[in-house]
Amino acid sequence: MATFRLFPAYLAILTLALTDSAYAQKPSKDIETYWPQWRGPLCNGVAPKANPPTEWSEKKNVRWKVELPGLGHATPVIWGDTLYVLTAAEKKSEPDAAMDLHLQDPEQPRERRRRPGFARRPAPPSKVYQFQVLAVDRKTGKTRWTTTVREEKPHEAGHTDSTHASPSPVTDGKHLYAHFGSRGLYCLDLKGNIKWEVDLGDMRTRNEFGEGSSPALHGDTLVVNWDHEGDSFIVALDAATGKERWRVERDEPTSWSTPLILEVDGKPQVIVSATNYIRSYDLATGKEVWRCGGMTANAIPTPIAGNGLLYCLSGFRGNALLAIRYEKARGDITGTPAVVWKHDRDTPYVPSALLYDDSLYFLDHNKAILSCFDAKTGKPRYDKQRLPGLEGVYASPVGAGGRVYIAGRNGKTIVLRHAEKFEVLATNELEDGFDASPAIAGDELYLRGRKALYCIAAK
């Protein structure tokens, strides 16, 4: 049973009403300008008003580079002149790689590391962590404030490539919602003060692979998906107080996909992709609207929508991509004409897809192999194109300024022209490795590495 702690009430929350491509109402200038949530202002990986650099290196177009405490795969979010990022920092200073394989030093010899996507069961965690929210000045990289929301020894170790701070926060420009999974869900004001907190319990993830689903915000409602090896559920909370509005049980094993909230005929629906079914729920009541089978196990990529279609992908021990006409969908739509087109090869395991205009970009498993499809018809524009220089990709592609950016685990980021033909504009290398997805705002691109946080901007 969830517990919550209420702090002083606060101002009404800005409505982020999504349509099939973005927002039901015209999004504010601020929302389009910043990166307020996982997958950006339009929930599709695109920063529509941004124009970051095409080329950079440690000596070129790096405005600043700062080390952050601890580790986290959480993509930062951006509002105003501040960047917000989550991390989990060891409270004890003595490293013990043998006991904490999930915090393995990325600089250790390659032969001692596991290949991406493969892991043996890790040893039980032995350290206490400080779960922290940081506010970073966009101009200087200096930390403005740090709030430690909890100190705790995790009950599960996590995947060897994972961290204890993988979900991304979300902001409405007035408050920040930070989700640490089994370590709690927190609402903070933008000065770092905790307004409320909710404990949803402890997850038991498949093979102790860890937690990663980010919260979704729509108006005054916050939605969290809780699929694990126990009693799975999806829950909607009042964003002002943390109180539950509804909770629905789910017959699903562990999944890591973040919910997508869409407005359909003026009513918001919550779309969640998972192993057994893709499901849509009425945001107001939690009642299931429709469901569709067809995903693989270990669903991770977040659904995206545009052109009147919903795109759901997965790629563990199989491949699945479904384009769904969701507007009139009701009941079980598996195998019906509501599924407009589908694809069963070379789909992503960890990275989400990028929907840029009418082009759908997606990676093959966790490999540096990219496909670009016509999002309306499902016809390939190019298929299985190798990305030169990259070695393994966990980060999701992002788009801005007519370009596509894909960050690799080996510290290289490839920049492509957003076009029907494959064209590499640049391959950039930094002294780090990237598992978190890039965030973009204005003329800046932010890369959260294993060791440092970079601000990429033309000097």
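Computed from the coordinates by the stated procedures, all read-outs in this text should not be read as laboratory data. It should be emphasised that the depicted structure is a prediction, and the values quoted were computed from it without experimental measurement. So basically every Cβ, Gly included, is an ideal-geometry build from the backbone, and we count neighbours across all protein chains shown.
Between the alpha-carbon centers of the stretch 299-318 and the stretch 319-388, tell me the distance in whole angstrom.
7 Å
In the chain, what percentage of the DSSP-assigned beta bridges are antiparallel, given to the nearest 5? Mind dumping the intermediate values first?
On the way: 117 of 121 bridges.
DSSP beta bridges in the chain are roughly 95 percent antiparallel.
List the trypsin sites (Lys or Arg not before Pro) within the stretch 118-186 that DSSP assigns to loop and that have no more than 14 neighbouring Cβ atoms inside 10 Å.
Numbers: sites: ARG120, LYS127, ARG138, LYS139, LYS142, ARG144, ARG150, LYS174, ARG183; in loops: ARG120, LYS127, ARG138, LYS139, LYS142, LYS174.
Counting only loop positions with at most 14 other Cβ atoms within 10 Å, the trypsin sites (Lys or Arg not before Pro) in the stretch 118-186 are ARG120, LYS139, LYS142, LYS174.
Work out, step by step, the length gained on full extension between THR427 and LYS451: first 0.36 nm times the residue separation, then minus their alpha carbon distance; give nm to one decimal.
6.6 nm
Can you compute the label reach from ASP282? Point 7 Å from Cα along the Cβ direction, backbone N cut-off under 15 Å, restricted to the stretch 319-356.
From the stretch 319-356, the list is 329-331.
Taking 0.36 nm per intervening residue step and subtracting the Cα-Cα distance, what contour gain separates LYS91 from ALA419 on full extension? It would help to have the intermediate numbers written out before the result.
Numbers: separation 328, 0.36 × 328 = 118.08 nm, distance 4.75 nm.
Full-extension gain reported as 113.3 nm.
Using the Cα atoms of the stretch 407-459 to build a convex hull, what is its mean projected area in square nanometres?
Mean projected area for the stretch 407-459: 4.2 nm², to one decimal.
Quick one: give the max-minus-min coordinate of the C-alpha atoms of the stretch 204-259 along each principal axis, largest first, in Å.
On the principal axes, the stretch 204-259 reaches 35, 18, 15 Å in Cα extent.
Between (1) 23.6; (2) 21.7; (3) 22.8, which entry matches Kirkwood radius over Cα pairs in Å as derived from the coordinates of this structure?
(2)
Along the positive direction of the dipole of the stretch 153-239 (beta-carbon charges: Lys, Arg +1; Asp, Glu -1; about the Cα centre), which of LEU222, PHE233, VAL170 reaches farthest?
The listed residue farthest towards the positive side: VAL170.
Given a Förster distance of 22 Å, report the FRET efficiency between ASP443 and ASP383 from their Cβ-Cβ distance, rounded to the nearest 0.05.
For R0 = 22 Å, the calculated efficiency reads 0.10.
In whole angstrom, how long is each semi-axis of the equivalent ellipsoid of the stretch 267-414, when you take the square root of 5 times every eigenvalue of its Cα gyration tensor and sort them from largest down?
Working: eigenvalues 147, 46, 40 Å².
Each semi-axis is √(5λ); the values are 27, 15, 14 Å.
Within the set of other residues whose C-beta is less than 11 Å from the C-beta of ASN51, count the net charge using Lys and Arg as +1 and Asp and Glu as -1. Provide the component values of the computation, followed by the final result.
Numbers: positive: LYS49, ARG403; negative: ASP443, GLU444.
Around ASN51, the charge tally is 0.
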